[in-house]
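We did not get these values from a lab; they are worked out from the coordinates using the rules stated. Just so we're clear, the structure is a prediction, and the values are computed from it rather than from any experiment. Cβ: placed from backbone, ideal geometry, glycine included. Neighbour counts: every protein chain shown.
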Amino acid sequence: MNIRLITTVAAFAIAGCASHPAPQIPATRTIEINEVPGSPADESAAKTPTAQELLNSASEYLTRAEGALPPERADYQFKAAAALIQSGRHDPASRLLNSMDLNGLAPVYETRRQLLRGRIAIGTNRPNTAFVLLSGVEKRPNLDPQLSAQLWLLRARTNLLVERPLEAVRNLIMRETYLVDPEELLFNQRRIWALLNRTRMNQLLDVRQTVPDEELSGWIDLTLIHMEHGHDAFRLENEIRRWQSLYPQHSARLFLQRRASAFSGASIIAARQVALLLPLASEYGRAAQAVHDGFTAVHNANGDPNKPEIVVYDIGSEAGLSPIYYRLAAQEGADLIVGPLGKEAVAALLTTETLAVPTLLLGGTHGGESLPKNGFQFDLSPEQDAEQTALRAYLDGHRTAAVLYPETTWGQRVQDAFSARWQELGGVVVESRPYVENRPDYSTPIKEVLNLDNSEGRKHALSAVIKTKLVFQPRRRQDIDFLFVAAKTATARLLKPQINFFQAHNVPVYATSHIYSGKPDPVNDVDLNGIVFGDMPWLLGNDGRIRNARKRIQGPWPYAFSPLDRLFALGMDSYAIIPALARLREDQDLLIEGVTANLSMERTGRVIRHLSWARFENGRPVLQEPAVGERRADLYESGNEALGIPFETRAAGGAQSP
């Protein structure tokens, strides 16, 4: 009997994406600029140019334009304008477009200019201007299909600016009329899916009752099926078959086919009995119980009459006894084991056992060594959070970092993981300072990391020489793009206001999930305003699939939105990922849309969590759009992302365009 339980999108939750090596800083070169925003060619981390590279390319295109004749001159100028827009230099791009002489050229050149002006209006948060510009383009006769596709994508982005996601979905559906490339069509459908999955079910039901358009109705029905049965693969499979009979010609059949194909083949792990090894009777008992509750909640929601039997083993407080319980579970018929939970128990098991059956370890060491053939590892390690934060900051355009971290074992682990990943990407850590937790005053480490102490020292030295008391405003260092702050909630609420006080209010601050308590608390969290952090969709998603999963799967669980809630989510995804373990290890480009994150796997057997991102505004975490250059599945498949459509990055500070 196969375990046929899948997380959230169930039978069609895994999707392939192009392989993306770690982004590097390439040598100076001219980037080939595609005027069509969001095309597949420019969305991999390996090909994502930095702001400086884009400016270099714009300069090169303008140089070429000087020696070219019309219409080639205009082509180069358009490429230069597109590069400036993508780098966030909207004003010079606008001046360039205004200065272009298009007299005597075909009408299509004026259309291209208006579309680029529309991109500028979107990038500068002027939706009304964008609507006017794009409406003018829409009225032009005999519009080229490629430009029409561009037009409808920009209309979708404009509707997102004014918080009309369903109008954006209609725009993207219209865009499909002009798409020929199957890959580009699939990307467009992933955008549609992401937007619909962050819409509340009652809103979708209201629209469904009034929509005569079969294409939109089909997408809404498919989304509602996903929300209703996303954690029950058995029922979901039956509902998808029914949907296919109702919509035999719907365009989403390609979308379903590509997602379902990820589950084909013999790499699906089969099991009749699953053992769950947890330290329930130990000092970690509450944490273990939360994992148990999440695991069994998804199991109970699985309507497959042939689902496996779950047998729970309490391994107690002695981590060194985990091999004994493992052997017992295998002897009693478990053909798949989940656990043990905890780094020490996992280490004890791996030291003595060869892992006789497929085993999903819930913890372990953070390193690059491969696990045994039957071994897989899934945990919520702070190191992985720190590495994800480094990647996000890099993709946001930052290159120089300063680090504040607590003088604890945990703080050192987070600092080491962040710095190692940051330097691997090509970034530079210009300063790193520890601080002592549980103190109200962090001025000394903050001044040290901002180099304010040197500025004050120069003031005192000068004052002594001239024997005059100086009126002095210390000046912080200017060579850092952002601060990475390793801190937990209570400490972060004290650190951020003091960072602001010491002239760093305009320096972007990034942090791990540990700064967020897991429950909205705008009164106390207003002091965290401006901090960008990665966390679980389970805690950041308020609508769509997450809202429905909380109602249907978690129910009245007493510890929702507490620190234990993250472990409940770990249990949910631990159950849901079981069928795809072997396939994920075979193909590192596959992802499962989980509640802890979008999940992929390294060749070593370790599960990688691709987090959702938020920024504190008015004391509340507000979801951020994916960074340009993140994995395509992150860009298009997650129903928890705020927008689901990539935007250009600003050059100044690397922040993303609205």
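Quick notes on this one:
- Restricting the calculation to alpha carbons of region 292-390 gives Rg and Dmax of 14.6, 44 angstrom.
- Protection proxy ranking of 248-254, 114-120 - average other beta-carbon atoms within 10 Å, highest first: 114-120, 248-254
- Spacing of the two label points (7 Å from each Cα toward its C-beta) at LEU321 and ASN103, in nm: 9.1 nm
- Pairwise centroid distance, computed over Cα atoms, of region 144-186 with region 268-303, Å: 43 Å
- Packing-based order for 405-418, 274-287, 430-443, using average beta carbon neighbours within 10 Å, highest first: 274-287, 405-418, 430-443
- Members of LYS343/LYS496; LYS343/LYS551; LYS79/LYS139 lying beyond 27 Å, as alpha-carbon distances in this model show: LYS343/LYS496; LYS343/LYS551
- Span from the region 582-614 Cα centroid across to the region 539-566 one, whole angstrom: 21 Å
- When peptides 86-94, 238-246, 336-344, 180-188 are sorted by average Cβ neighbour count within 10 Å, with the highest value leading, the order is 336-344, 86-94, 180-188, 238-246.
- Computed over region 553-606: relative contact order in percent, which uses C-alpha pairs under 8 Å that are six or more apart: 28 percent
- The label point for GLN203 and the one for LYS551, both projected 7 Å from the Cα toward the Cβ, are 1.4 nm apart.
- Contact order for region 344-455, expressed relative to its length and based on alpha carbon pairs under 8 Å spaced 6+ residues apart, stands at 21 percent.
- Given R0 = 25 Å, the distance between the Cβ atoms of GLU369 and GLN423 translates into a calculated FRET efficiency of 0.75.
- Summing +1 for each Lys or Arg and -1 for each Asp or Glu among the other residues whose beta-carbon sits under 14 angstrom from that of ASN103 gives 0.
- Estimated FRET transfer efficiency when R0 is 45 angstrom, pair THR129-ASP441 (beta carbons, to 0.05): 0.40
- Tensor-based shape of region 91-185 (alpha-carbon gyration tensor, a/c under 1.5 rounded, otherwise prolate or oblate): oblate
- Other-chain or far-sequence residues with amide H under 5 Å of VAL312's (modelled H): LEU276
- Among residues other than SER217 with Cβ under 14 Å from its Cβ, the summed charge is -3 (Lys and Arg +1, Asp and Glu -1).
- Placing a label point 7 Å from the Cα of ARG603 along the Cα-to-Cβ direction, the residues of region 356-395 with a backbone N closer than 16 Å are 368-373.
- Region 102-211 - percent relative contact order, Cα under 8 Å, separation 6 or more: 19 percent
- FRET efficiency, 1/(1 + (r/R0)^6) with R0 25 Å, evaluated for ASN500 and ARG620 via beta carbons: 0.85
- A straight line joining the Cα centroids of region 338-365 and region 60-119 runs 59 Å.
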